[in-house]
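Engineer: Dropping a structure here in structure tokens format, bear with me for questions.
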Amino acid sequence: MPVSSQSDIARRLVSIANRLRERGVRVGTMEIETALRLYKAAILLSGYNYYPLSRIIDAVFVKRDYEKAILDDVLRSTVGESVERGEEAPSKKKGKAERKQEKSRAMGGSSSRGRRCLEMLKRYLETENQGYLDMIRDELRIDTRSEVKEYRVGGEIALEKLIARFALNPRDYSALARIALMEGGETAILAMRHLSSKRKRRVAEQIASMLAKLSGGRRLRVKGGKWEKTYQRERIDIRRTLVLKSRGKIGEVAYRRRRKAANIVLIIDRSDSMRKHADKIVEIASAYLNKASHLVLFSDEVKVTSISSWKSRLYLLDQILDLSFHGYTNITMALRQARRLAKPGSTLVLISDLQQTIKDHSPLKLIEDLGKGGYRIIIYTTKESSRVLGTTLRGDITTFSFG
């Protein structure tokens, strides 16, 4: 991420944090730094050099349910701020200089209104929050005098009309494309991503309809012009099917065999003490998500998710970024659950500071038993805990430090 972009993101985070503090939400410097590191990691891992900042803010700044509503209000207010202008002194008859000043002010007011609407539009393209379209419609509903319209810049009129068209009908992609051509820069990039996403969605719907008609509910495939039964572990290859469709081969469906997930169980500590290591969790977990069969999230409770059938790296990244760090730590309970999910010979990857805060059997003893029982254990922990593990544990256990 460029330095200028990084400093801009930092300023936005500080501004939002200050507004949240004014509303009684506790946001410290550590949360701001964590959010910035998470955003940089998400940009690198997303594969698109883009990730919505609002998701990062929601994951780091919001700790209670009612704070979510406050954050939404703050995010709206940062976009919808109006430009304050001084009041004119009352006068029965205006001189030439005053009329000229009024015309100039009218032009400036119109221009700022168009810019405000453009900023709201960019926020909509970035977050797809329908509230921004409502704000645009409310802003453009203001009726200006005919005298003012004479002095408005032609480009601003065209921009406002296009934004109004899109706000009234978000499926008017021609209006969005023209806005992108007029503005260029960041607006063009956001519009391109939005149009690409919508285009992919429409194509996916067409292909889903096509595949439903072709398969007729049977597991069949086209091979050499004949219908043949597929293997049990084959599934539709959407990418190759898209390529065939783009080349005019409408009726041809590509299949590929399912890849068997590696015997890896990813165990992540999401207790309150791990909040300061959130960015490290994202970096480490992303290396295993595409290979793991199960994801175990734990604090004083355990949540198990099967990820062997998920293929979208960005979607899996969302699951990690949406983690809410809270509660106490029961590592022993999480390891027991992981042992039920995997057989000896499997790999258990544990990301934790190893600070057990709930009375239970010793987690270190259980880790050692698992290592001796045929499981391969990989532990990512703090430097202090890593030094302790290196001198006390025996078995197939590997430790790395992230602190």
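Engineer: Is it the case, given these coordinates, that residue 250 is out of contact with any Lys or Arg (no Cβ under 6 Å at 6 or more places or on another chain) and at pLDDT 85 or above? Steps first, answer last, please.
Structural biologist: Numbers: out of contact with any Lys or Arg (no Cβ under 6 Å at 6 or more places or on another chain): yes; at pLDDT 85 or above: no.
For residue 250, the condition - out of contact with any Lys or Arg (no Cβ under 6 Å at 6 or more places or on another chain) and at pLDDT 85 or above - is not met.
Engineer: Condition first: out of contact with any Gly (no Cβ under 8 Å at 6 or more places or on another chain) and at positive phi. Can you find one or more residues in the stretch 387-400 that meet it? If you could, list the steps in order and put the result at the bottom.
Structural biologist: Start the filter on the stretch 387-400 by keeping residues that are out of contact with any Gly (no Cβ under 8 Å at 6 or more places or on another chain), which leaves 387-392, 398, 400.
The next check asks that each one be at positive phi; those that pass are none.
No, the stretch 387-400 has no match at all.
Engineer: Of all helices (runs of 4 or more DSSP H) completely enclosed by the stretch 116-170, which ones contain at least 1 residues that are modelled with pLDDT of 80 or more and in contact with a Gly (Cβ under 8 Å, 6 or more places away or on another chain)?
Structural biologist: On the way: elements: 130-140, 146-150, 154-168.
Result: 130-140, 154-168.
Engineer: Output yes when any residue across the stretch 41-51 is part of a helix (DSSP H, G or I), closer than 19 Å to residue 74 by Cβ and in contact with a helix residue (DSSP H, G or I) (Cβ under 6 Å, 6 or more places away or on another chain), and no when none is.
Structural biologist: There is no residue in the stretch 41-51 that is part of a helix (DSSP H, G or I), closer than 19 Å to residue 74 by Cβ and in contact with a helix residue (DSSP H, G or I) (Cβ under 6 Å, 6 or more places away or on another chain).
Engineer: Now, a different point. Given (1) surrounded by fewer than 16 Cβ atoms within 10 Å (Cβ to Cβ); (2) at pLDDT below 85, identify the lone condition not met by residue 288.
Structural biologist: (1)
Engineer: Would you list the strands (runs of 3 or more DSSP E) that sit entirely within the stretch 328-403 and hold 3 or more residues that are modelled with pLDDT of 90 or more, out of contact with any Lys or Arg (no Cβ under 6 Å at 6 or more places or on another chain) and surrounded by 14 or more Cβ atoms within 10 Å (Cβ to Cβ)?
Structural biologist: Values: elements: 347-351, 376-381, 397-401.
Qualifying strands (runs of 3 or more DSSP E): 347-351, 376-381.
Engineer: Of everything in the stretch 27-46, what is loosely packed, with under 12 Cβ neighbours inside 10 Å and either without any contact (Cβ under 8 Å) to a residue 60 or more places away in the chain or farther than 18 Å from residue 280 by Cα (or both)? Give them in sequence order. If you could, list the steps in order and put the result at the bottom.
Structural biologist: Step one: filter the stretch 27-46 for residues loosely packed, with under 12 Cβ neighbours inside 10 Å, giving 28-30.
Once the filter is applied, which keeps residues that are loosely packed, with under 12 Cβ neighbours inside 10 Å and either without any contact (Cβ under 8 Å) to a residue 60 or more places away in the chain or farther than 18 Å from residue 280 by Cα (or both), the stretch 27-46 yields 28, 29.
The values are calculated or read from the model by the stated rules, or taken from the named source; none is laboratory data. Because the structure is a prediction, the values reported are computed rather than measured. Cβ: placed from backbone, ideal geometry, glycine included. Neighbour counts: every protein chain shown.
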